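A.B. asks: Once you've had a glance at the structure underneath, I'll fire off some questions.
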Amino acid sequence: MKGLQVFIADIRNCQTKEQERQRVDKELSKIRQKFATPKTLSGYDRKKYVWKLLYAYMLGYEIDDTGHFQAVELCSSPKFSEKTAGYLATSLLLADNNDMVRMIVNSVKTDISSGNEHMAALALNTVANIGGPEFADNLFTDISRMILAQSNALSPYIKRKACICLLRLYRKENDGLQPEVWSAKLAALFNEQDIGLLTSASGFMLGILEMGKFPAPAWSGVVAPVCQSLANLVQGICPEHYEYYHVPAPWLQSKMLRILQFFPVTTFDAELLHRLNLILQSILAKPSSQRSPAPLPPGPGKRRTKVDAERQNRSNAEHAVLFEAMNLMIHLEDTADPETTKTAAGLLGIFLSSTDPNIRYLGLETMARLASNLSTHEYLDRYKNQILDKMHETDISIRRQALNLLYALCRPENWQQIVDQLLEILGSSDNLLQEELVLKIAILAEKNAKNIGWYVDVVFKMLESAPDAVSDDVWYRVVQVVTGFEDGPSEAEQNALRRHAASKAYQNLSSQRAAHDTLLRLGAYLMGEFGHLLPQSVTPRAKFEALHRHFQRGSPQTKAILLLAAVKILNANHDALKGEVVCFLREIQDSADVELQQRAVELLQLCKDEDNLDQVLRPMPPYAESVQKNNPLVQRLKFSAKNRAHTRAELEEAAKSEGGMYKPGRGKADSTDGAQKIMELPDPGRPSKPAAASPPKDASASESSDSEEDAGPVQSNGTGAATPKDLWSQLCITPQGRFYTSPQLVMELKQEYNAATGRLTIVFINSAKAPIGNIRVHIPQVDTMRIQTFSEVPSSLKPGEQASHLVQVQCLRPFLQPAKYLVEYCTAPGAPPQQLPMLLPAVVTKFITPAQVQMAQFRQFFDTLTGPRELVLDGQAKAQPKEWLNYLGKGFNMFVLPESGPTAAFAAGTLNTATPDPAQPEKMMTVPVLVRLQYDSGRNFVRLIVRTQHPEVTNALAKIMQTYLMSG
């Protein structure tokens, strides 16, 4: 193409940028004129002009949509050179949402089935580069067929490209891969010898596991061939051209080691574990003389040599494999060879002194997860001083990993030394790390301190050193600990702690002239709640003065807490302080802050009736034991587990917050126990009332609850006499419990939901003294849900034996009638079968997620949803208003607005489906849901108003809620 050569030569000969721009503009103008009369153009001309456009585009010039149609036409050309230009141009110029993408779908289909390897490769390259929903919808099946049906007829070269395409498309549309179909075929790919194909297959397998659509055990068929391929590489069985600086295929080794980390340890049998331990031993026990050290950074004024670059590249490859091997060893936990673990600990200690900051970072990060196994602490404790030195590194990422490691190494024998060191570092640390330091110091002090008073002291020290870094949830937790928990220490011990906490609060408030806002809130709350326990030498007037002197400097929320604390001190010393406090309240009546005005007026009225005041301001009751176990501070830590294999959803959620923790008010994305509610405390600025308990973990927990609030939305009768309907109704609003019970067969069910997908585990238990046979389960398919099973129920169960049936459901559109779960079994040979026509408790409310909205937003959107999208139901109240919070929040999975009260409740949520949105095919359809409840106490009458964007959702949701909230 002489014209293209001349154009490139002209561009290279341009002396200035302006000359180049003028030459490109001239050529683009000429090309547009030529494309204006396409009938006169030959295939050769189209190809030449498209190449010129590509060259201009690669130089950074805007070409708009010039040549797009001609490039598409070239894709269907029979000539390879023209087809190459067309496919390359579409790959570079067209985005995945461009309408012209669908015009090349037929060309791609023709080429991948043509039998011409080179044309098929061009088409597959284009699909992999563009991706997008258009290709996913139209080509996923065709490309899948190349692997499933035509695999033996294709070369490794084409299969390699097909795997890359499937990975790209699977990330857009992941409903086309079923483990029962693909697991065996992927296992066969791992038995291939071609390293390029193995690398592509490993990337595809890794992408499937990272998407997390199916549980990892569903793909367990690939484990054995992956182990065999990995063993071959470790032994050096690898073509020379796939060696990277004498390291056999390091990228492939890393991918295979990562794949194995996704599978639970129970997936590996004894033979596989033995083989894995040998592989890990071979990788980790490589003599240090054969492992390239990281080169020293060049000194000032010195350039990096080629030898340094080669040494660095080899070091990177070796350490990539080494760290992934350590990650797999950590994942294997106690099944890993102890000698290998000891070797790994020694290597990590060496890495702490590496000159390469990347090696130091990875060494600290890996050591932190290794430290989660307590048996390794004897190997790691010797490096404690080195780790503390890393807290002074200039690189904040290294300091953050050193903090993670110190947190993991902390235990009752050494916690005080570590916490003291971290407190010293806190004052001089920068703002980026201070909040994470505060969070972990608070967790360690509470977890390890034998005397909880020392934990209180630590929090007050942090308020002195870095008050801006102490978030609200830290001082909320102090209040919970000081208030006490059910089944906690004796009353005398708890009162000693409360006295100590109130004393620390008094000392800080009385000695500091300008206390920080957070210190004021904590100190005021502790003095108001436990100030009566202070020694008699501290007069009531002194307590009041310690609060009053800071009032003008506090924020509105802090002033509310100070106000209530002053009235609580008055309640304990009415005669001594009535004049001062009442005068103080009267001053606040004239405040410009309406909230403070209202509080002052309400509290003044309460002060006129001492009995009523004492009733309203009674001390906080102990918190439930579940609050003690589910420390909300721990819920903010990211990836505290040993495993480093995370799904893309987990990584995306973690990326929303910087560092090693989530933002205040956020928990782990997969949290299902309500731990995302950081504040388990009533507003300290309002009259106190008992705190609501956390939702129950399971049905058995609700059976043993002592209080109505602890019991969850509905009390389970917990007896064998419960009807299947009662058990099913309970499971519709709880995560687990009894599904069916009889003298012969008991079925337990556990369910977990994530947006539009739910996973149900049904456990069959033979409770009789004779075997049960002919067990069969049938789940009829319904058009409103996609139902898949991952395990089969055995045909028989011995006495006392149990088996699990795993079912995954996806909501496709609104529904009222749930899917059927038909069970059949025989209690004796020749006996007629027992048939159980049951229903899965996967009702539409299970696919709702809470939507946090403000009251103004709620009202605005609520008013727009009328007509057929609204349903109003009236009836006698079956559940009282005090139970609404449990039903709406825990039973129906909605966000209850704080403005809800005893006469009205407001809730918002989002119904998730697995059906693509026609307007945005890359997203799934969702339906906003708004609910309002009104209660008439005189008639015990309730009105339920449900408004959504879809009438079917409105009807289904309203009828389900009516079942639980209304009688008749």
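The values are calculated or read from the model by the stated rules, or taken from the named source; none is laboratory data. Predicted model only: the values in this text are computed from it and were never measured. Glycine gets a Cβ as well: all are built from the backbone with ideal geometry, and neighbour counts include every protein chain shown. Note: areas computed on protein heavy atoms with side chains; ligands, DNA, RNA excluded. Shrake-Rupley method; radii C 1.70, N 1.55, O 1.52, S 1.80 Å.
A.B. asks: Students often check this: by mean Cβ neighbours within 10 Å, which of 223-229, 371-377 ranks highest, and how do the rest follow?
C.D. replies: Details: 223-229: 19.9, 371-377: 15.9.
Per-residue mean Cβ counts within 10 Å order the peptides as 223-229, 371-377.
A.B. asks: Could you compute the net charge surrounding ALA502? Neighbours are other residues with a C-beta less than 14 Å from the C-beta of ALA502; K and R count +1, D and E count -1. Don't jump to the answer; show the numbers that get you there.
C.D. replies: On the way: positive: ARG498, ARG499, LYS504, LYS543, LYS568; negative: ASP457, GLU529.
Result for the neighbourhood of ALA502: +3.
A.B. asks: Oh, and also: Write down the accessible area per residue of the chain in Å², having rolled a 1.4 Å probe over the full set of protein chains.
C.D. replies: Details: 44300 Å² over 968 residues.
Here the per-residue accessible area is 46 Å².
A.B. asks: Let me ask something else about it. Let me spell out the model: positive unit charges on the Cβ of Lys and Arg, negative unit charges on the Cβ of Asp and Glu, origin at the Cα centre of the chain. What dipole size does that give, in debye rounded to 20?
C.D. replies: Values: 104 positive and 104 negative charges, 472 e Å.
The calculated dipole for the chain is roughly 2260 debye.
A.B. asks: So if I place +1 on the C-beta of Lys and Arg and -1 on the C-beta of Asp and Glu, and nothing else carries charge, what would the dipole magnitude of the stretch 724-842 be about its Cα centre? I want it in debye, nearest 20.
C.D. replies: Values: 10 positive and 7 negative charges, 11 e Å.
Its charge dipole is roughly 60 debye.
A.B. asks: Could you tell me how many degrees, from 0 to 90 and to the nearest 10, lie between the Cα long axis of helix 594-607 and the main elongation axis, the longest principal axis, of the Cα atoms of the chain?
C.D. replies: Here the helix axis deviates by roughly 30 degrees.
A.B. asks: Estimate the FRET efficiency between LEU92 and ILE350 by the formula 1/(1 + (r/R0)^6), using the beta-carbon distance for r and 45 Å for R0, to the nearest 0.05.
C.D. replies: Details: r = 46 Å, r/R0 = 1.03.
The calculated FRET efficiency here is 0.45.
A.B. asks: Sort CYS238, CYS583, CYS165 by heavy-atom solvent-accessible area, probe 1.4 angstrom, most to least.
C.D. replies: Working: CYS238 20, CYS583 70, CYS165 0 Å².
Of CYS238, CYS583, CYS165, the descending order of accessible area is CYS583, CYS238, CYS165.
A.B. asks: Between ASP175 and ASP381, what is the spin-label point distance in nm, taking each point 7 Å from the Cα along the Cα→C-beta axis?
C.D. replies: Between ASP175 and ASP381, the simple spin-label model gives 5.7 nm.
A.B. asks: Could you work out the relative contact order of the stretch 1-93, using alpha carbon pairs under 8 angstrom and six or more residues apart, expressed as a whole percent? Before the final figure, lay out each step's value.
C.D. replies: Numbers: 73 pairs, mean separation 23.0, N = 93.
For the stretch 1-93, the relative contact order is 25 percent.
A.B. asks: Take each of the peptides 859-865, 11-17, average the number of other beta-carbon atoms within 10 Å over its residues, and list them starting from the highest. Walk me through the numbers before you get to the answer.
C.D. replies: Numbers: 859-865: 13.6, 11-17: 10.1.
With the highest mean Cβ count within 10 Å placed first, the list reads 859-865, 11-17.
A.B. asks: Put a dot 7 Å past each Cα toward the Cβ at LEU604 and SER490; how far apart are the dots in nm?
C.D. replies: Distance between the two pseudo-spin positions: 4.7 nm.
A.B. asks: Report the accessible area of TRP251, computed with a 1.4 Å probe over the heavy atoms of all protein chains in place, in Å² rounded to the nearest 10.
C.D. replies: Its accessible surface works out to 150 Å², give or take rounding.
A.B. asks: Assigning unit charges at the beta carbon (Lys, Arg +1; Asp, Glu -1) and nothing else, what dipole magnitude in debye, to the nearest 20, does the stretch 1-93 show about its Cα centre?
C.D. replies: Details: 16 positive and 11 negative charges, 73 e Å.
My answer is approximately 360 debye.
A.B. asks: Can you tell me the length gained on complete extension of the stretch GLU333 to LYS286, counting 0.36 nm per residue apart and subtracting the Cα distance? Spell out each step's value before the answer.
C.D. replies: Details: separation 47, 0.36 × 47 = 16.92 nm, distance 2.14 nm.
Extra length available between GLU333 and LYS286 comes to 14.8 nm.
A.B. asks: On to the next question. Roll a 1.4 angstrom probe over the protein heavy atoms and tell me the percent of accessible area of the chain that is carbon or sulfur. Walk me through the numbers before you get to the answer.
C.D. replies: Numbers: 22120 of 44300 Å².
Carbon with sulfur: 50 percent of the solvent-accessible area.
A.B. asks: Using a 1.4 Å probe on the protein heavy atoms only, what accessible surface does GLU922 show? Give it in Å² to the nearest 10.
C.D. replies: 100
A.B. asks: Work through the residues other than MET146 whose Cβ is under 13 Å from its Cβ and net out their charges, Lys, Arg +1 and Asp, Glu -1. List each step's numbers first, then the result.
C.D. replies: On the way: positive: LYS109, ARG145, LYS159, ARG160, LYS161, LYS185; negative: ASP111, GLU117, ASP142.
So the environment of MET146 carries a net charge of +3.
A.B. asks: How much length, in nm to one decimal, is gained on full extension between GLN597 and GLN5, taken as 0.36 nm per residue of separation minus their Cα-Cα distance?
C.D. replies: Details: separation 592, 0.36 × 592 = 213.12 nm, distance 8.22 nm.
Gain on extension, GLN597 to GLN5, equals 204.9 nm.
A.B. asks: How far is it, in nm, from the label point at LEU374 to the one at ASP99 when both lie 7 Å from their Cα along the line to the Cβ?
C.D. replies: 6.6
A.B. asks: In addition: Using packing as a proxy for protection, rank 520-529, 264-273, 895-904, 749-758 so that the peptide with the highest average count of other Cβ atoms within 10 Å comes first. Before the final figure, lay out each step's value.
C.D. replies: Details: 520-529: 28.4, 264-273: 12.9, 895-904: 14.8, 749-758: 19.0.
Listed from highest to lowest mean packing, they are 520-529, 749-758, 895-904, 264-273.
A.B. asks: Could you give me the ³J(HN,Hα) list for the stretch 415-430, computed from phi with Karplus coefficients 6.51, -1.76, 1.60 and θ = phi - 60°, whole Hz, x at Gly and Pro?
C.D. replies: Values, residue by residue: 5, 5, 5, 5, 5, 4, 5, 5, 5, 5, 6, 4, x, 9, 6, 7 Hz.
A.B. asks: Just need the relative contact order of the stretch 150-250 here, percent rounded to a whole number, with Cα pairs under 8 Å and 6+ apart. List each step's numbers first, then the result.
C.D. replies: Values: 81 pairs, mean separation 29.1, N = 101.
Reported as a whole number, the value is 29 percent.
A.B. asks: What does the charge count around LYS608 come to, taking other residues whose C-beta lies under 12 Å from its C-beta (Lys +1, Arg +1, Asp -1, Glu -1)? All intermediate terms of the calculation are to be shown ahead of the outcome.
C.D. replies: Details: positive: LYS578; negative: GLU602, ASP609, GLU610, ASP611.
Neighbour charge sum, excluding LYS608 itself: -3.
A.B. asks: Taking only DSSP H segments of four or more residues, each worth -39500 (n - 2.57), what value at 222 nm results for the chain once the sum is divided by all its residues, to the nearest 500 deg cm²/dmol? It would help to have the intermediate numbers written out before the result.
C.D. replies: Details: 39 runs with 485 residues, N = 968.
Rounded to the nearest 500, it is -15500 deg cm²/dmol.
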